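Enquirer: My questions all concern the structure below.
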Amino acid sequence: MVSSFSQKDLKLKTIRNWTILALCLSGYGCKKDDEKKTDESVVTSAFLTSEELAPPADPTAIEPTDLKDYLLSNLDLFQATDNAMSLVTADEDNTTFEKFEACSKEITDQFVIKASGDHFTYGMNADLLKCFGEGPQTVNGSTITFDVYKTTVFFALTCTGADFSDFEGKTLEEFIDSGDSEFSCDQGGTILSNSRTSTSYTLVDKDRGVNAVIKSLSISSMSTPESEACTIKKDGEILSYANACQSIDLTKTTGNNDDEVSYRKLVYGDVTWKDSPQATWYSSGTMAATLNNWTGNVVFTGPQTAPTYTFNNGTETLTGSIAFGLRQAQGRSALSAHLFK
């Protein structure tokens with residue numbers, strides 16, 4: 001969910017990989033269990049406040065020479081085709097991953113969908129600390145000892161004309177994997193999502209001379225500025241947002257005198273898209289964007305036409321087009337891909 005423009009430091013790569021891993025497993029690696037949780041305290045635990053979603057005062061600066069690289073490494077932000085749904089890359093130690101996966105399932109299996117008619121909610125509030133075992137763990141040659149690992153997720157979804165009743169008490173994975181076309185939201189729908197992950201761990205890498213306590217907070221939101229659900233309307237094969245919709249991703253990482261604050265805000269405005277295998281970019285409209293210390297707009301003029309951008313950091317303005325690279329788009333979330341296809 002959260003992307004950062006700098007991947008040079010080992011400890012920052014490690015915290016991001018583990019954060020993405022926890023969010024993906026907590027939201028998607030579920031199966032049924034004897035105890036289920038759908039109570040209101042769980043559902044509301046992931047709600048993000050306006051203060052949490054506000055732009056940070058000190059975002060890590062993206063240098064002008066690095067802005068194009070940032071755009072190219074985040075092509076999926078501007079692409080409408082869901083060509084791939086890979087949530088976790090297999091670049092971590094397999095044994096460590098498997099142990100974490102097995103443990104996290106025992107915890108996250110408790111959280112299931114609460115559904116009624118055309119609406120359902122999903123809330124998850126999990127402490128995954130025990131999933132890292134007791135004492136230090138070795139990941140890619142570094143020794144990591146966690147003392148905090150908590151994650152919360154909340155989704156609220158509506159499909160006009162659909163009936164989600166059969167998914168009451170089922171896992172999110174069961175809903176995503178259902179593949180039933182009657183839940184494709186042909187008449188539009190709404191989506192609201194929030195997630196938060198906080199971690200604290202000690203990282204030791206003798207080869208790199210690193211011995212530090214690393215703390216990280218990662219949050220992600222898709223909603224209106226008033227924290228209400230985004231409304232997605234469908235007219236024929238064209239999809240668009242009927243109200244102000246924005247996505248925000250923020251990651252704060254501190255430790256070893258090398259802090260980093262990454263902030264991204266996208267305001268979709270009048271952006272439209274056509275959900276088809278042939279579509280590459282959003283079809284039309286302007287997306288307002290804040291990327292750390294840069295603000296500007298990305299303009300779309302056709303699904304096969306590279307969008308153009310204008311960004312300013314207060315002293316310099318950069319313009320250009322976002323050329324299509326070799327990397328496949330990861331699209332919007334698996335939920336929106338399933339619902340609004």
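The values are calculated or read from the model by the stated rules, or taken from the named source; none is laboratory data. Just so you know, these numbers come straight off a predicted model, no measurement behind them. All Cβ positions, even for glycine, are placed from backbone atoms using ideal geometry, and neighbour counts span all protein chains on display.
Enquirer: Please state which one of 234, 206, 170 is over 22 Å from residue 59 (Cα atoms) and touching a Gly at 6+ places or on another chain (Cβ under 6 Å).
Expert: Only one candidate passes the filter, namely 234.
Enquirer: Show the residue pairs that are 6+ apart or on different chains and have beta-carbon atoms under 6 Å apart, the first residue being within the stretch 229-250 and of a type in the set (Ser, Thr, Tyr), the second being outside any strand (DSSP E or B) and at pLDDT 90 or above.
Expert: Hits for this filter: 241/268.
Enquirer: Go through the stretch 146-171 and count every residue that is assigned to a strand (DSSP E or B) and surrounded by fewer than 16 Cβ atoms within 10 Å (Cβ to Cβ).
Expert: 2
Enquirer: Also, quick follow-up: Since residue 79 meets every condition but one in (1) more than 30 Å from residue 311 (Cα to Cα); (2) touching a strand residue (DSSP E or B) at 6+ places or on another chain (Cβ under 7 Å); (3) at pLDDT 75 or above, which condition does it not meet?
Expert: Only one criterion is unmet by residue 79, namely (1).
Enquirer: Now, a different point. Would you point out the residue of the stretch 172-213, among those that are within 23 Å of residue 240 (Cα to Cα), out of contact with any strand residue (DSSP E or B) (no Cβ under 9 Å at 6 or more places or on another chain) and in a loop (DSSP other than H, G, I, E, B), that is modelled with the highest pLDDT?
Expert: Checking each candidate, the answer is 179.
Enquirer: Does at least one position in the stretch 214-227 carry a residue that is over 30 Å from residue 129 (Cβ atoms), surrounded by fewer than 18 Cβ atoms within 10 Å (Cβ to Cβ) and not hydroxyl-bearing (Ser, Thr, Tyr)?
Expert: Taking every residue of the stretch 214-227 in turn, at least one turns out to be over 30 Å from residue 129 (Cβ atoms), surrounded by fewer than 18 Cβ atoms within 10 Å (Cβ to Cβ) and not hydroxyl-bearing (Ser, Thr, Tyr).
Enquirer: So how many residues does the stretch 285-319 have that are closer than 25 Å to residue 243 by Cα and part of a strand (DSSP E or B)?
Expert: So the answer is 18.
Enquirer: Something else: If we keep just the residues of the stretch 214-256 that are in a loop (DSSP other than H, G, I, E, B), acidic (Asp, Glu) and touching a strand residue (DSSP E or B) at 6+ places or on another chain (Cβ under 8 Å), which is farthest from residue 286 (Cα to Cα)?
Expert: So in the stretch 214-256, the residues in a loop (DSSP other than H, G, I, E, B) come out as 224-229, 236-237, 242-245, 255-256.
Filter once more, so that each one left must be acidic (Asp, Glu): 226, 228, 237.
Those left that are additionally touching a strand residue (DSSP E or B) at 6+ places or on another chain (Cβ under 8 Å): 228, 237.
Values: 228: 21, 237: 19 Å.
So the residue we want is 228.
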